[in-house]
Each structure stands twice: as C-alpha cells, then as structure tokens.
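To start, the structure itself, in structure tokens.
A short reminder: the numbers here are calculations on the coordinates, not readings from a lab. All values derive from a computational prediction rather than experimental measurement.
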Amino acid sequence: MSAEQHITSPQNPHVKALVELRRDGEVRRARGEFFLEGRRGVAAALALPHAEVREVIYCPHMAADEALVQAARARKVPLTKVSKDVFKKIADVVTPQGLAAVVKIPQFTLAQVL
C-alpha cells in the first residue's frame, strides 16, 4: 500500500477487507489487527509510541480531525482517504466521526506484564 490512497467505491476490495476486520473476530486474530473507530481511540493509538498503527482511514467530509491526520502523516502511518459512502460502509456506529485506524494487536510476554 502506498503512503496515501483515495477510495471512492464501497465495492473496493480494501473496503471489504476493512469491513471483514471490523466484523469478524477470527479475521482479527488471524491478521493480528483490530479496527478502531473514532477520534479518541485513534488519538490514543497515535499518542502511544509502542502502538503499531498500520493504517488511518479518514473522510474529510465527515468532520475527520485534520490534526490527527497530520499526526498520522508525521508518524509515517499509511493514510486512506475515503468518500462518505465508503466510510459509512466501514463504520460500526450510527453517527460516524470520519476517522478510523487499523492497529496491530499487541503481544506481551509474561515478564512484560509482571
């Protein structure tokens, strides 16, 4: 995936993969990733230096937070700009905020936890 892509079709294979990641726990476990939606969650993930944010998805027409998009750019996180229709398809909330991320599921050893 390039540093930034633009998707306008809800039928795009990447959009379908994001929906599958959001809906299916088996897919999340197999990929070692989870789907995170909303400004607060994305901001928290970007603020943690050890969090591996693999992609930020945003829709500029849905009040996506430009400062968070810039923070993702600064961390060299791949960005995907999407249309309203695409974001509505991948979103799991009634009123989407226009910002989501794909984040690696952290793996910790027992020694790290203790």
Linear extension gain, V113 paired with E26, 0.36 nm per residue minus alpha-carbon span
28.9 nm
Would you mind calculating the gained length between A17 and R75 on full extension (0.36 nm times residue separation, minus the Cα-Cα distance), in nm to one decimal?
18.5 nm
Name the shape class, rounded, prolate or oblate, that the alpha-carbon gyration tensor gives for segment 4-113, where a ≥ b ≥ c are the square roots of its eigenvalues, rounded holds for a/c under 1.5, and otherwise prolate holds if a/b is larger than b/c and oblate otherwise.
oblate
So how much slack lies between I105 and E52, counting 0.36 nm per residue of separation and subtracting their Cα-Cα distance, in nm?
18.3 nm
